[in-house]
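Below: one structure, written as C-alpha cells.
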Amino acid sequence: MERLRGKTLLVGLTGGIAAYKAAELVRLLTKSGAGVQVVMTRAAQQFITPLTLQALSGRPVLTDLFDLGLESEIGHIQAARSADAVIVAPATANVLAKMAAGIADDYLTTVLLATEAPVIVCPAMNAKMYAHAATQDNLSVLRRRGVMVVEPEAGSLACGEEGPGRLADLSLIVEAACRALTPQTLSGARIVVSAGPTWEPFDPVRFITNPSSGKMGFALALEASRRGAHVDLVTGPTALAHPPFVATHRVTTARDMEQAVKALARDAQAVIMAAAVSDYRPEDTAPQKIKKSDDDLVIRLVRNPDILAGLGADKQPGQILVGFAAETEQLLENATEKLRKKNLDLIVANDLTQPGAGFRCDTNVVKILDRSGGVEALPCLSKEETARRILDRIEALMRITKPGSDSR
Ligand code: CTP
C-alpha cells in the first residue's frame, strides 16, 4: 500500500464488539507506513483498552476531550487538522446518528465535526439496528455529504443473529483509505483492462498457456479504480483475488476474452490489454482425456483472433488503446511495429530477459512508446508504481481527446 506511506490517519473506535478488529486495522495501517492516531470513545474502551491501541500505533490514544495533559500535547482541533483521512471503525449506530446530526460531545465526534479530511465510516452492529430506517437514513445523509461508507458484511454476528452487520473485511477498509487519498482524476471514465494468461484446451484436463500471473493488469485495474474510474477487468485464469471495487469478469480462452472485451470496450474511454493472450489454440478439443499410446502426439494449432488488433481496426472516436509488448529481442523495433499495426495510442514494452521484468515478479522494467515516436524508459519499479506511471500517460491522452477538445 505505497499510497499510505507518510500519511496521517486518524482511526476512531466506537463501542461495538468489532472494536477488537480495529486493533488489527491499526497494525495494518502502521505497517503500510502511515502514522496512525487513535481516538476512542468511552464505550470503545469497554471492549478494548487504550493501552493495546497505543502499543500498536506507537502514539498516546486520545480519549477525553477535557484531559488537560492530552489536550496540551495534541489538541482536538490539531488532531482534526493533521489527519489526511479519518476512519471510524467500528462505527456504531449511535456514532452515525451523532455524525448525521452534527453532535460533538466527545473527542471523536468533535474531531469529526472539525476535520476537513475525507471521512470513512465502517458500520458494524446488530443486523436489525443496521437495517433500521434511522440508521439507513443517517447513512444516506452522510453519503450525501461525501462520507465514504464501507458497508458491513453479512454473516453470523456476535449477538447470535445472522445478517449484514459484521465489520467489513479489513483489506477493504485499507483500500478505502487508499481511495480517499487518491485524487479522483478518472472520475466518470470507463476503462477496460485485460489481464492474465488464456488457457487453450486440447482435452478436458490439459491446455496450452503461458506463465503470466496477471499482476500487472490487476495493478492497473486497481489504480484506475482508485482514481475514480469504473473499471471492468477481464482476466484469464489467475491465482489473484478480485481487486476490491473493480467489476471482474473471469474468462478462460482467448475467444472468451475477445467476446467480453469487445462488448465492454464499446462504452469505454480507454482499453488496456495487459493480458498475455495465446496466439494459437488447438484445432480440436477432445471430449475425453487423451489416453497415451506408443505413438507421438501431434496437436495442430490454429490462430486465435488478435483482440487488440480488432479493437484498433474498429477504433471508437477518442478511445485510447494501450497494448503491451513482451519481447525477448529487438524490444523497441518490435514494440513500435505492434503499436503501428494495431493502431494503438501507447504500447508498454518489456524486455523479458531483464532481471525484475515481466511474468510473475512483483516489479517491472518497461518502456512506454507513443505514436509520435516518444520513448519513456522507466526504471525497475513495483507493478503498483508502474501502473501509476502508465495511467498518468493515459490520463494525459484522455485530456487531449476529450470531446470538445480541439487538440486532436
Ligand atoms: N494481444 C491480443 N490478442 C492476441 C495477442 C495479443 O489482444 N491474440 C495483445 C496483448 O494483450 C498485448 C499486445 O496484443 O497487449 C501484444 O501482444 P504480444 O503477445 O506481445 O504480441 P503479439 O501481437 O501476439 O505478437 P508476437 O507474439 O508475435 O510477439
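Here, each number is a calculation from the coordinates, and none is a lab measurement. All of these numbers come straight from a predicted model, not from anything done at the bench. Here the Cβ is made from the backbone with ideal geometry for all residues, glycine too, and neighbour counts use every protein chain on show.
Each Lys and Arg contributes +1 and each Asp and Glu -1, all at the Cβ; summed about the Cα centre of the stretch 40-178, the dipole is approximately 220 debye.
Computed over the chain, the per-residue total of -39500 (n - 2.57) for DSSP H runs of n ≥ 4 gives a 222 nm mean residue ellipticity of -10000 deg cm²/dmol, rounded to 500. Placing +1 on the Cβ of every Lys and Arg and -1 on the Cβ of every Asp and Glu, with no other charges, gives the stretch 154-296 a dipole of roughly 440 debye about its Cα centre.
Positive end of the dipole of the chain (Cβ unit charges, origin at the Cα centre): among M99, I17, N350, the Cα lying farthest that way belongs to M99.
Dipole of the stretch 2-180 computed with +1 at Lys/Arg Cβ and -1 at Asp/Glu Cβ about the Cα centre; of C122, L167, L29, farthest Cα towards the positive end is L29.
In straight-distance terms, cross-link reach from K342 covers every one of the lysines whose alpha-carbon lies under 27 Å from its own, apart from those fewer than eight places away in the same chain; here that gives K215, K262, K315, K367, K383, K402. Decide, for the stretch 201-247, between rounded, prolate and oblate: order the square roots of the alpha carbon gyration tensor eigenvalues as a ≥ b ≥ c, take rounded if a/c falls under 1.5, and otherwise choose prolate if a/b is larger than b/c, else oblate. Cα axes put the stretch 201-247 in the prolate bin.
Classify the chain from the C-alpha gyration tensor, please: rounded if a/c falls under 1.5, else prolate or oblate depending on whether a/b exceeds b/c. Prolate shape, in that a/c is at least 1.5 and a/b is the bigger ratio.
Which of H249, H132, H230 moves most in a GNM of the chain, Cα contacts under 10 Å? Result for the chain, Cα springs under 10 Å: H132 fluctuates most. Only Cα pairs under 8 Å and 6+ residues apart enter the sum, and on that basis the relative contact order of the stretch 304-362 stands at 34 percent. Put simply, the C-alpha atoms of the stretch 190-401 give a gyration tensor, and the ellipsoid matching it has half-axes of 29, 19, 17 Å, longest first.
Summary value for the chain: 10 percent relative contact order, contacts being C-alpha pairs under 8 angstrom separated by 6+ residues. In a reduced charge model with +1 at each Lys and Arg Cβ and -1 at each Asp and Glu Cβ, the chain shows a dipole moment near 480 debye about its Cα centre. For the stretch 139-205, what does the alpha-carbon gyration tensor say about shape, rounded, prolate or oblate, given a ≥ b ≥ c as the root eigenvalues, a/c under 1.5 as rounded, and a/b over b/c as prolate? Since a/c reaches 1.5 but b/c is at least a/b, the shape of the stretch 139-205 is classed as oblate.
Using θ = phi - 60° in the Karplus curve 6.51 cos²θ - 1.76 cosθ + 1.60, the 3J(HN,Hα) couplings for the stretch 233-243 round to 9, 9, 10, x, x, 9, 8, 7, 6, 3, x Hz; x is entered for Gly and Pro.
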